[in-house]
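K.L.:
Here it is, the structure in full.
The values are calculated or read from the model by the stated rules, or taken from the named source; none is laboratory data. If you're wondering where the values come from, they're calculated on a predicted model, not measured in any experiment. In this analysis, Cβ positions are derived from the backbone assuming ideal geometry, glycine residues included, and neighbour counts consider all displayed protein chains.
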Amino acid sequence: MTINTKRRIKDFLVYATKCAVGTLVILTLTGIIEGLTYHDTIWCLLSMLLILSPDGTDSLTLAFNRIMANILGGGVGLIFLTLMPQMMDIWVVILVITTTLAIGYVCKLDASIRSALVAAIIITMPQDAIQSFNTPIERLIAVFSGCFVGILITIIFHFRKKDIFYLDLNSDKSDFSRLKNFDTK
(Lines give C-alpha, C1' and ligand atoms only; values in the text may rest on other atoms or scores of the structure.)
Protein backbone atom coordinates (compact mmCIF):
# COMPACT_ATOMS: atom_id res chain seq x y z
CA MET A 1 0.00 0.00 0.00
CA THR A 2 1.44 3.36 -1.03
CA ILE A 3 1.66 6.41 1.18
CA ASN A 4 -0.92 8.17 -1.00
CA THR A 5 -3.36 5.26 -0.58
CA LYS A 6 -2.88 5.28 3.20
CA ARG A 7 -3.52 9.04 3.29
CA ARG A 8 -6.67 8.66 1.19
CA ILE A 9 -7.96 5.94 3.50
CA LYS A 10 -7.21 8.11 6.54
CA ASP A 11 -8.92 11.12 4.92
CA PHE A 12 -11.93 8.97 4.06
CA LEU A 13 -12.22 7.64 7.61
CA VAL A 14 -11.94 11.13 9.13
CA TYR A 15 -14.48 12.55 6.66
CA ALA A 16 -16.91 9.66 7.20
CA THR A 17 -16.57 10.12 10.96
CA LYS A 18 -17.22 13.88 10.70
CA CYS A 19 -20.32 13.25 8.58
CA ALA A 20 -21.57 10.55 10.95
CA VAL A 21 -21.00 12.69 14.05
CA GLY A 22 -22.73 15.67 12.45
CA THR A 23 -25.69 13.56 11.40
CA LEU A 24 -25.91 12.06 14.88
CA VAL A 25 -25.80 15.51 16.51
CA ILE A 26 -28.51 16.91 14.25
CA LEU A 27 -30.79 13.89 14.57
CA THR A 28 -30.33 13.89 18.35
CA LEU A 29 -31.18 17.60 18.57
CA THR A 30 -34.19 17.03 16.32
CA GLY A 31 -35.43 14.39 18.75
CA ILE A 32 -34.93 16.71 21.74
CA ILE A 33 -36.31 19.97 20.34
CA GLU A 34 -40.07 19.93 19.92
CA GLY A 35 -41.66 21.48 16.87
CA LEU A 36 -38.95 20.59 14.36
CA THR A 37 -40.23 18.98 11.20
CA TYR A 38 -38.74 16.42 8.87
CA HIS A 39 -37.88 19.17 6.39
CA ASP A 40 -36.09 21.26 9.03
CA THR A 41 -33.89 18.26 9.71
CA ILE A 42 -33.17 17.70 6.01
CA TRP A 43 -32.19 21.36 5.43
CA CYS A 44 -29.98 21.28 8.51
CA LEU A 45 -28.29 18.04 7.41
CA LEU A 46 -27.68 19.32 3.87
CA SER A 47 -26.10 22.52 5.16
CA MET A 48 -23.90 20.68 7.65
CA LEU A 49 -22.68 18.23 5.00
CA LEU A 50 -21.87 21.08 2.60
CA ILE A 51 -19.76 22.81 5.26
CA LEU A 52 -17.56 19.80 6.02
CA SER A 53 -14.52 19.19 3.85
CA PRO A 54 -13.10 15.77 3.02
CA ASP A 55 -9.62 16.50 4.36
CA GLY A 56 -7.98 18.82 6.85
CA THR A 57 -6.33 21.05 4.26
CA ASP A 58 -7.76 24.56 4.58
CA SER A 59 -10.77 23.10 6.39
CA LEU A 60 -11.50 26.16 8.51
CA THR A 61 -11.09 28.54 5.59
CA LEU A 62 -13.39 26.38 3.46
CA ALA A 63 -15.93 26.10 6.26
CA PHE A 64 -16.08 29.89 6.78
CA ASN A 65 -16.31 30.53 3.03
CA ARG A 66 -19.13 27.99 2.74
CA ILE A 67 -20.93 29.58 5.68
CA MET A 68 -20.62 33.00 4.02
CA ALA A 69 -21.99 31.41 0.85
CA ASN A 70 -24.93 29.92 2.80
CA ILE A 71 -25.64 33.34 4.29
CA LEU A 72 -25.54 34.83 0.80
CA GLY A 73 -27.86 32.24 -0.74
CA GLY A 74 -30.26 32.28 2.17
CA GLY A 75 -30.30 36.07 2.24
CA VAL A 76 -30.95 36.44 -1.49
CA GLY A 77 -33.71 33.83 -1.31
CA LEU A 78 -35.31 35.55 1.67
CA ILE A 79 -35.16 38.97 0.02
CA PHE A 80 -36.91 37.67 -3.10
CA LEU A 81 -39.53 35.89 -0.98
CA THR A 82 -40.15 39.10 0.93
CA LEU A 83 -40.42 41.24 -2.20
CA MET A 84 -42.45 38.75 -4.26
CA PRO A 85 -44.15 36.26 -1.93
CA GLN A 86 -46.94 35.37 -4.37
CA MET A 87 -44.74 35.13 -7.45
CA MET A 88 -42.37 32.29 -6.55
CA ASP A 89 -42.45 30.40 -9.83
CA ILE A 90 -39.68 28.89 -11.96
CA TRP A 91 -38.64 32.26 -13.42
CA VAL A 92 -38.22 33.86 -10.01
CA VAL A 93 -36.21 30.86 -8.79
CA ILE A 94 -33.96 31.23 -11.86
CA LEU A 95 -33.60 34.93 -11.03
CA VAL A 96 -32.70 34.04 -7.42
CA ILE A 97 -30.07 31.57 -8.66
CA THR A 98 -28.62 34.08 -11.14
CA THR A 99 -28.54 36.85 -8.52
CA THR A 100 -26.87 34.53 -6.01
CA LEU A 101 -24.25 33.55 -8.60
CA ALA A 102 -23.54 37.17 -9.52
CA ILE A 103 -23.14 38.33 -5.93
CA GLY A 104 -21.09 35.22 -5.11
CA TYR A 105 -18.64 35.94 -7.90
CA VAL A 106 -18.39 39.62 -6.95
CA CYS A 107 -17.65 38.54 -3.35
CA LYS A 108 -15.08 36.01 -4.64
CA LEU A 109 -16.91 33.01 -3.21
CA ASP A 110 -16.31 31.02 -6.41
CA ALA A 111 -15.20 27.84 -4.64
CA SER A 112 -18.21 27.90 -2.30
CA ILE A 113 -20.87 29.06 -4.74
CA ARG A 114 -22.61 25.65 -4.75
CA SER A 115 -23.38 26.08 -1.05
CA ALA A 116 -24.94 29.46 -1.82
CA LEU A 117 -27.08 27.96 -4.57
CA VAL A 118 -28.29 25.13 -2.35
CA ALA A 119 -29.24 27.59 0.40
CA ALA A 120 -31.05 29.83 -2.11
CA ILE A 121 -33.02 26.90 -3.47
CA ILE A 122 -33.90 25.63 0.01
CA ILE A 123 -35.26 29.03 1.00
CA THR A 124 -37.19 29.70 -2.24
CA MET A 125 -38.70 26.26 -2.81
CA PRO A 126 -42.44 26.52 -3.31
CA GLN A 127 -44.43 26.19 -0.12
CA ASP A 128 -47.43 23.98 0.49
CA ALA A 129 -50.70 25.67 1.31
CA ILE A 130 -50.50 24.34 4.87
CA GLN A 131 -47.13 25.99 5.49
CA SER A 132 -47.05 29.41 7.06
CA PHE A 133 -45.33 32.60 5.98
CA ASN A 134 -42.67 31.68 8.56
CA THR A 135 -41.56 28.65 6.55
CA PRO A 136 -38.69 30.48 4.77
CA ILE A 137 -37.48 31.84 8.14
CA GLU A 138 -37.63 28.32 9.61
CA ARG A 139 -35.65 27.02 6.62
CA LEU A 140 -33.09 29.79 7.05
CA ILE A 141 -32.67 28.89 10.73
CA ALA A 142 -32.27 25.22 9.78
CA VAL A 143 -29.59 26.11 7.19
CA PHE A 144 -27.67 28.26 9.68
CA SER A 145 -27.98 25.59 12.37
CA GLY A 146 -26.42 23.08 9.99
CA CYS A 147 -23.60 25.55 9.28
CA PHE A 148 -23.02 25.97 13.01
CA VAL A 149 -22.81 22.20 13.58
CA GLY A 150 -20.46 21.90 10.58
CA ILE A 151 -18.05 24.56 11.85
CA LEU A 152 -18.02 23.04 15.35
CA ILE A 153 -17.18 19.63 13.93
CA THR A 154 -14.43 21.16 11.78
CA ILE A 155 -12.89 22.85 14.82
CA ILE A 156 -13.15 19.72 16.97
CA PHE A 157 -11.60 17.43 14.35
CA HIS A 158 -8.83 19.62 12.98
CA PHE A 159 -7.48 22.05 15.52
CA ARG A 160 -5.51 22.09 18.72
CA LYS A 161 -6.90 24.13 21.62
CA LYS A 162 -4.27 26.85 21.43
CA ASP A 163 -4.86 27.33 17.67
CA ILE A 164 -8.55 28.06 18.08
CA PHE A 165 -7.88 31.11 20.23
CA TYR A 166 -4.93 32.44 18.21
CA LEU A 167 -5.72 35.38 15.98
CA ASP A 168 -3.16 37.51 14.21
CA LEU A 169 -4.52 40.96 14.96
CA ASN A 170 -1.66 42.60 13.07
CA SER A 171 -2.75 41.03 9.82
CA ASP A 172 -4.22 43.44 7.29
CA LYS A 173 -5.88 40.67 5.29
CA SER A 174 -9.64 40.98 5.15
CA ASP A 175 -10.29 37.40 4.04
CA PHE A 176 -9.90 34.12 5.89
CA SER A 177 -6.49 33.24 4.40
CA ARG A 178 -4.82 34.16 7.70
CA LEU A 179 -6.66 31.19 9.22
CA LYS A 180 -4.63 28.79 7.07
CA ASN A 181 -2.13 28.63 9.94
CA PHE A 182 -4.71 26.58 11.79
CA ASP A 183 -5.28 23.94 9.18
CA THR A 184 -3.63 20.56 9.37
CA LYS A 185 -1.79 19.29 6.36
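K.L.:
Condition test on Leu52, is it on the phi < 0 side of the Ramachandran plot and modelled with pLDDT of 85 or more? Before you say what the answer is, go through the steps one by one.
P.N.:
On the way: on the phi < 0 side of the Ramachandran plot: yes; modelled with pLDDT of 85 or more: yes.
Yes.
K.L.:
For the stretch 35-45, how many residues meet the condition of being surrounded by fewer than 18 Cβ atoms within 10 Å (Cβ to Cβ) and modelled with pLDDT of 80 or more?
P.N.:
Final tally of qualifying residues: 1.
K.L.:
Just to check your reading of the model, which residue among Val14, Val25 is among the β-branched types (Val, Ile, Thr), under 28 Å from Asp110 (Cβ atoms) and touching a residue at least 12 places away in the same chain (Cβ under 8 Å)?
P.N.:
Exactly one of Val14, Val25 is among the β-branched types (Val, Ile, Thr), under 28 Å from Asp110 (Cβ atoms) and touching a residue at least 12 places away in the same chain (Cβ under 8 Å), namely Val14.
K.L.:
In the stretch 76-108, what count of residues is obtained for those that are crowded, with 22+ Cβ neighbours inside 10 Å and in contact (Cβ under 8 Å) with a residue 40 or more places away in the chain?
P.N.:
Initially, the stretch 76-108 is screened for residues crowded, with 22+ Cβ neighbours inside 10 Å, giving 76-77, 80-81, 96, 100, 104.
Now narrow it down to the ones that are in contact (Cβ under 8 Å) with a residue 40 or more places away in the chain: 76-77, 80-81.
Within the stretch 76-108, residues that are crowded, with 22+ Cβ neighbours inside 10 Å and in contact (Cβ under 8 Å) with a residue 40 or more places away in the chain number 4.
K.L.:
On to the next question. Go through the residues of the stretch 47-62 one by one and say whether even a single one is surrounded by fewer than 17 Cβ atoms within 10 Å (Cβ to Cβ) and not in a helix (DSSP H, G or I).
P.N.:
Scanning the stretch 47-62, I find at least one residue that is surrounded by fewer than 17 Cβ atoms within 10 Å (Cβ to Cβ) and not in a helix (DSSP H, G or I), so the answer is yes.
K.L.:
Can you tell me which residues in the stretch 22-34 are at pLDDT 90 or above and either among the polar types (S, T, N, Q) or in a loop (DSSP other than H, G, I, E, B) (or both)?
P.N.:
Step one: of the stretch 22-34, the residues at pLDDT 90 or above are 22-28.
Hits for the stretch 22-34 are Thr23, Thr28.
K.L.:
With the condition kept exactly as written, say whether any residue in the stretch 8-23 is closer than 22 Å to Asn134 by Cα, surrounded by 11 or more Cβ atoms within 10 Å (Cβ to Cβ) and touching a helix residue (DSSP H, G or I) at 6+ places or on another chain (Cβ under 8 Å). Let's see the steps before the verdict.
P.N.:
The first filter runs over the stretch 8-23 and keeps only residues closer than 22 Å to Asn134 by Cα, leaving none.
No; the residues of the stretch 8-23 include none that is closer than 22 Å to Asn134 by Cα, surrounded by 11 or more Cβ atoms within 10 Å (Cβ to Cβ) and touching a helix residue (DSSP H, G or I) at 6+ places or on another chain (Cβ under 8 Å).
K.L.:
Identify, by number, the condition in (1) basic (Lys, Arg); (2) farther than 24 Å from Thr135 by Cβ; (3) crowded, with 20+ Cβ neighbours inside 10 Å that Arg66 doesn't meet.
P.N.:
(2)
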